[in-house]
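What follows is a short report on a single structure.
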Amino acid sequence: MRELASRGQLRLSFLRWAVVTVPAVVLLGFLSGRIAPTGSENAWYMALAKPEWQPPGWAFPVAWTTLYVLMGLALAIILNARRARGRGLAIGLFVLQLLVNLAWAPLFFGAHLVSFAVIHIAAILVLAIATTFAFGRVRSLAAWLMAPYLCWISFALLLSWEIDRLNPYGETLVPSGASTQIEL
């Protein structure tokens, strides 16, 4: 017997990681979205011109919850890959891209930085691509679990760019006495 751990033990180890990572990533995403009112709860956002092809409001929380679950599972796979080459880099990139991701909603919906949000989401996409490639070097399944996130971030970049194009003065739609809507 040359194995250090049985398949059952490895599966149990993965499940222990997933029980922590999935709720943690979902909770962080939820909290990020609660710092400032989003969607129809945000009067400033509702005043912005939006493209015809924008999905309905209910699609965003469904999509993000699904993506955060997949990201949490991907992270659990990487965390479970003990002694795998590139694991540390993959984890570091994941944490960095997640932190940058979590800052987007407060910047856009709270601080109303429409133009900066486009640049910011482009940075998220670059970091997410780097994370996906790093995950792929450790475990290919983890990279595949990140693929829907890459698609959604690409779509979100196009949507943000179009909202910025349609609202060249979007940052100024807020009365001067209420410059942000961030709630702490």
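Would you check if Arg87 is basic (Lys, Arg) and surrounded by 15 or more Cβ atoms within 10 Å (Cβ to Cβ)?
yes
Among the residues in the stretch 72-82, are any open to solvent by 50 Å² or more (accessible area, probe 1.4 Å), out of contact with any Cys (no Cβ under 6 Å at 6 or more places or on another chain) and not in a helix (DSSP H, G or I)?
yes
For the stretch 53-69: of the residues being assigned to a helix (DSSP H, G or I) and open to solvent by 40 Å² or more (accessible area, probe 1.4 Å), which is nearest to Ala123 (Cα to Cα)?
If we take residues in the stretch 53-69 being assigned to a helix (DSSP H, G or I) and open to solvent by 40 Å² or more (accessible area, probe 1.4 Å), then Trp64 is nearest to Ala123 (Cα to Cα).
Go through (1) open to solvent by less than 40 Å² (accessible area, probe 1.4 Å); (2) part of a helix (DSSP H, G or I); (3) farther than 30 Å from Leu12 by Cβ for Leu93 and report which single condition fails.
Of (1) open to solvent by less than 40 Å² (accessible area, probe 1.4 Å); (2) part of a helix (DSSP H, G or I); (3) farther than 30 Å from Leu12 by Cβ, only one is false for Leu93: (3).
Here is a list of conditions, (1) open to solvent by 50 Å² or more (accessible area, probe 1.4 Å); (2) touching an Asp or Glu at 6+ places or on another chain (Cβ under 8 Å), and Phe133 meets all of them except one; can you say which number that is?
(2)
Which of the residues that make up the stretch 100-124 are crowded, with 19+ Cβ neighbours inside 10 Å and within 22 Å of Ala76 (Cα to Cα)?
Residues satisfying the conditions are Asn101, Ile124.
Going by what's in this entry, would Gly33 be described as out of contact with any helix residue (DSSP H, G or I) (no Cβ under 9 Å at 6 or more places or on another chain) and either farther than 29 Å from Ala143 by Cβ or not basic (Lys, Arg) (or both)?
For Gly33, the condition - out of contact with any helix residue (DSSP H, G or I) (no Cβ under 9 Å at 6 or more places or on another chain) and either farther than 29 Å from Ala143 by Cβ or not basic (Lys, Arg) (or both) - is not met.
Residues in the stretch 29-43 that are open to solvent by less than 40 Å² (accessible area, probe 1.4 Å) and over 13 Å from Pro106 (Cβ atoms): how many?
Qualifying residue count, the stretch 29-43: 1.
Consider Phe116 against the criteria (1) without any contact (Cβ under 8 Å) to a residue 12 or more places away in the chain; (2) out of contact with any Leu (no Cβ under 7 Å at 6 or more places or on another chain): it satisfies all of them except one. Which criterion is unmet?
Answer for Phe116: the failing condition is (2).
Find all pairs meeting these conditions: Cβ atoms under 9 angstrom apart; at least six residues apart or on different chains; first residue within the stretch 155-172 and within 17 Å of Val126 (Cα to Cα) and of a type in the set (Ser, Thr, Tyr); second residue at pLDDT below 95 and assigned to a loop (DSSP other than H, G, I, E, B).
Correct list of pairs: empty, since none qualify.
The values are calculated or read from the model by the stated rules, or taken from the named source; none is laboratory data. These numbers come from a predicted model, not from an experiment. Heads up, the Cβs are rebuilt from the backbone with ideal geometry, glycines too, and the neighbour counts pull from every protein chain shown. Heavy atoms of the whole protein, side chains included, go into the accessibility calculation; ligands, DNA and RNA do not. Shrake-Rupley method; radii C 1.70, N 1.55, O 1.52, S 1.80 Å.
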